[in-house]
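The values are calculated or read from the model by the stated rules, or taken from the named source; none is laboratory data. Here the structure is a predicted model, which is why all the values come from computation and not from measurement. All Cβ positions, even for glycine, are placed from backbone atoms using ideal geometry, and neighbour counts span all protein chains on display.
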Amino acid sequence: MFTMKGIIRIEEYLKDTQQIIVRFCKFYDNESIENYPEVVIDLANLDTQNYDYFIESLMRIGTDIISNHEKSKPIVNKVDDIDMVDLDIESLVGKNIGAKLENYRRSSLKMRKIEL
């Protein structure tokens, strides 16, 4: 299963205001994290109970930021328009197919029959 990963860099901790200055980018990115903008985040908006919760709450914010970065970049690989009802794998050969990245752990499970 493919999981989208991100990188977080805390640039500065502002102890007086309880804020951090952070940069976010995708793990597999062609640009350095230094090329991404800094974001100021209040620690009150994060779960600081332990390291794992802290990183998880930080990435919840970072996921939206990374998504916005993606939308602002130029599209290099164009996606082909595919209008297909029945699956025809032969007609998909050589096509650029667009698909959503999801967290499949939270998606619906396909079932054939449910008996109660």
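Checked against (1) in a loop (DSSP other than H, G, I, E, B); (2) over 30 Å from residue 99 (Cβ atoms), residue 53 passes all but a single condition, namely (1).
Entry remark, segment 45-76: residues being over 18 Å from residue 21 (Cβ atoms) and modelled with pLDDT of 85 or more number 8 in total. For residue 44, the criteria (1) in contact with a strand residue (DSSP E or B) (Cβ under 6 Å, 6 or more places away or on another chain); (2) without any contact (Cβ under 8 Å) to a residue 40 or more places away in the chain hold in every case but one, which is (1). Might you let me know whether segment 50-59 holds any residue that is surrounded by 10 or more Cβ atoms within 10 Å (Cβ to Cβ) and more than 16 Å from residue 10 (Cβ to Cβ)? For segment 50-59, residues surrounded by 10 or more Cβ atoms within 10 Å (Cβ to Cβ) and more than 16 Å from residue 10 (Cβ to Cβ): absent. In segment 5-24, the qualifying residues are those that are outside any strand (DSSP E or B) and modelled with pLDDT of 90 or more, and the one that is nearest to residue 63 (Cα to Cα) is 18. For segment 64-79, the criterion of being in contact with a strand residue (DSSP E or B) (Cβ under 7 Å, 6 or more places away or on another chain), surrounded by 12 or more Cβ atoms within 10 Å (Cβ to Cβ) and either of a type in the set (Gly, Ala, Ser) or free of Cβ contacts under 8 Å to residues at least 40 places away in the same chain (or both) is met by no residue.
Within segment 18-37, the set of residues being touching a residue at least 12 places away in the same chain (Cβ under 8 Å) and exposed (fewer than 14 other Cβ atoms within 10 Å of the Cβ) comprises 18, 27, 28, 37. Per the conditions (1) of a type in the set (A, V, I, L, M); (2) without any contact (Cβ under 8 Å) to a residue 12 or more places away in the chain; (3) over 25 Å from residue 99 (Cβ atoms), the sole criterion not satisfied by residue 84 is (3).
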